[in-house]
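S.K.: Next up is a structure, given as structure tokens.
The values are calculated or read from the model by the stated rules, or taken from the named source; none is laboratory data. Please read these numbers as outputs of a predicted model, since none were measured by experiment. Here the Cβ positions follow ideal geometry from the backbone for every residue, glycine too, while neighbour counts run over all protein chains shown. Ligands, DNA and RNA are stripped out before the accessible areas are found, and what is left, the full protein with its side chains, is counted by its heavy atoms. Shrake-Rupley method; radii C 1.70, N 1.55, O 1.52, S 1.80 Å.
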Amino acid sequence: MESLWKLSYLLEPASLALILTAVSVAYASASRALDHGREMERNLDFSEASITLDRSQALMIPLASSCSLLLMFYLFSSVSHLVTAFTAVASAMALFFCLSPYVNCVRSRLGVGDPFVSRCCSKPFTRLQGLLVAICVGTVVAWLVSGHWLLNNLLGISICIAFVSHVRLPNIKICALLLVCLFVYDVFWVFFSERFFGANVMVSVATQKASNPVHTVANKLSLPGLQLITKKLELPVKLVFPRSLMGGLAPGSSPGDYMMLGLGDMVS
């Protein structure tokens, strides 16, 4: 009974929200991936076609992830600005990819004409797409300024959906191989990395906050409103929910505590 009682934290509002979000994202990612594949086949436009992994690439993913994890573990403070900037760009692109079908659906249902404004990279670029780009960039800027967990989750979900839509596994053998490798990767870095590196590498990296380049630039230029810009950011590589969500603060936890789930756990 005592072991079952320890699982009672799963009934917290934050836990339930995290589980529900993870299931919803997994479904949305699969649905968007299928729709994206049909779009490519229908338009015969394979310039944005998905990346199909072979056996060697499937093996390289855990190895590359391990190298990235060690780099973040030892040099996070040195590269955090670069990581934040790269993540911001990737988040804006992923959010644009996720919202594009809805914009097209609204345009077709309302019968709104949207003539081409220009051609970017040999592709038509319309005014609605320009507006969507501005919305996506604005969302990323709002996240950089506020660091709000809802914006972090929105961008993280977008990255997850875009990744699943563009990366394909050709057969069950490669799928099984990748899942086994990722399972070994998770087990080692979560449970055994402390024996080799003196600390739990996965937990250390996951709980670190990145320096905010917007705050650094504003500070150097002595811009007004500096106190409104967060110094540290949770990167959208994980979903986070405050334990105090809906007043469901568990005994022994503080309002600043978060429950988190890595995007890799949902993708795999």
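S.K.: When you look at residue 158, is it hydroxyl-bearing (Ser, Thr, Tyr) and modelled with pLDDT of 90 or more, yes or no?
M.R.: For residue 158, the condition - hydroxyl-bearing (Ser, Thr, Tyr) and modelled with pLDDT of 90 or more - is met.
S.K.: For residues in region 146-175 being in a helix (DSSP H, G or I), open to solvent by 50 Å² or more (accessible area, probe 1.4 Å) and of a type in the set (A, V, I, L, M), which is farthest from residue 262 (Cα to Cα)?
M.R.: Looking at residues that are in a helix (DSSP H, G or I), open to solvent by 50 Å² or more (accessible area, probe 1.4 Å) and of a type in the set (A, V, I, L, M), I get 172.
S.K.: For region 140-156, what are the residues that are under 9 Å from residue 95 (Cβ atoms) and under 12 Å from the mean Cα position of the chain (by Cα)?
M.R.: Across region 140-156, the qualifying residues are 154, 155.
S.K.: State yes or no: is residue 32 at pLDDT 75 or above, open to solvent by 100 Å² or more (accessible area, probe 1.4 Å) and part of a helix (DSSP H, G or I)?
M.R.: no
S.K.: Among the helices (runs of 4 or more DSSP H) lying completely within region 189-268, list those that include at least 2 residues that are at pLDDT 85 or above, over 20 Å from the mean Cα position of the chain (by Cα) and closer than 18 Å to residue 87 by Cα.
M.R.: 213-220
S.K.: Looking at region 203-225 only, could you name the residues that are open to solvent by less than 40 Å² (accessible area, probe 1.4 Å) and not β-branched (Val, Ile, Thr)?
M.R.: Matches in region 203-225: 204, 206, 210, 211, 212, 213, 215, 218, 225.
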